[in-house]
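Since the structure comes first, as structure tokens, the remarks are kept for the end.
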Amino acid sequence: VSFGYEDIPATDKTARVGGVFSSVARSYDIMNDAMSGGAHRLWKDRFVRRVKPRAGEQILDMAGGTGDIAFRLAESGASVTVADINPQMLEVGMDRAAKRGIDGLVWTEANAEMLAFPDRFFDGYTIAFGIRNVTDIPKALSEAHRVLRRGGRFYCLEFSTTLWPGFAEVYDTYSHKVVPKLGKLLAQDEDSYRYLIESIRRFPDMPTFEGMIRDAGFVQTGVEPMLGGLVAIHSGWKI
Ligand code: SAM
């Protein structure tokens with residue numbers, strides 16, 4: 001399947017991604033459970049354990065969407081800012097926070113490529129299943145580096161490429177045949193889920209993405225693959 005978005009101007013990709021998430025916002029949480037069989041919850045738990053937030057820290061959860069990562073981070077007592085380019089996703093997140101009685105989070109509309117936060121403001125920066133949707137990834141990584149203080153940590157949870165033989169083929173068939181159908185069935189939106197799968201397929205592999213994190217200025221970078229790299233936690237440190 002070719003989505004063709006690599007041939008269109010950058011502003012158009014940002015607009016198209018905006019359309020996708022506005023369209024999926026209300027069905028987003030249910031679809032995550034349906035598509036991953038609930039596994040996304042375990043990946044997110046593991047991610048936040050790796051981040052190890054502490055009370056009093058300032059953490060920016062970029063592309064925070066409906067709050068899954070932010071809610072977990074906030075359990076530590078850290079101050080969490082949820083930033084996302086899409087107001088509909090943030091709205092769903094704020095509703096969920098209110099229903100769960102979680103307050104104290106800061107919700108803000110922002111593009112990961114151009115942040116209004118001052119230099120060296122945050123102790124930690126997290127981005128989960130968000131970076132592959134960003135039009136200019138190097139720009140977003142360099143903004144992450146800018147807003148972190150010295151000694152601050154960068155953590156990214158994202159789909160990657162599994163290196164397990166056999167599993168890659170099963171996953172490929174599942175994602176191209178089953179996911180768009182699930183999208184149609186549960187969210188009446190086949191095209192958006194086709195885009196999401198296509199964006200996963202196009203995302204750079206683990207060594208390439210780790211190199212991009214280093215190029216943005218981070219040191220001691222690392223990658224922790226799950227399911228052979230189907231999903232991976234990339235990290236880096238600002239000095
Ligand atoms: N982090 C949440 C989670 O793990 O459930 C949401 C992930 S969702 C797949 C991707 C999010 O990235 C969407 O909410 C979308 O609006 C946001 N996004 C896409 N491009 C962005 C950008 N340039 N800057 C900030 N957020 C962006």
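Here is how the numbers come out for the structure above:
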read-out: For residue 32: the one exception among (1) at pLDDT 95 or above; (2) within 11 Å of the ligand (Cβ to nearest atom); (3) of a type outside the set (Gly, Ala, Ser); value: (1)
read-out: Count of region 49-63 residues which are crowded, with 20+ Cβ neighbours inside 10 Å and free of Cβ contacts under 8 Å to residues at least 60 places away in the same chain; value: 0
read-out: Test for residue 93: is it crowded, with 20+ Cβ neighbours inside 10 Å and touching a residue at least 60 places away in the same chain (Cβ under 8 Å); value: no
read-out: Which listed residue is over 29 Å from residue 201 (Cβ atoms), within 15 Å of the ligand (Cβ to nearest atom) and modelled with pLDDT of 95 or more, from 81, 126; value: 81
read-out: Of all residues making up region 219-239, the number that are farther than 24 Å from residue 162 by Cβ and surrounded by 15 or more Cβ atoms within 10 Å (Cβ to Cβ); value: 2
read-out: Residue list for region 178-197, filter: in a helix (DSSP H, G or I), buried (at least 17 other Cβ atoms within 10 Å of the Cβ) and charged (D, E, K, R); value: 194
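The values are calculated or read from the model by the stated rules, or taken from the named source; none is laboratory data. Nothing here was measured: the structure is a model prediction, and the numbers come from that model. Glycine also receives a Cβ, built like all others from the backbone with ideal geometry; neighbour counts cover every protein chain displayed.
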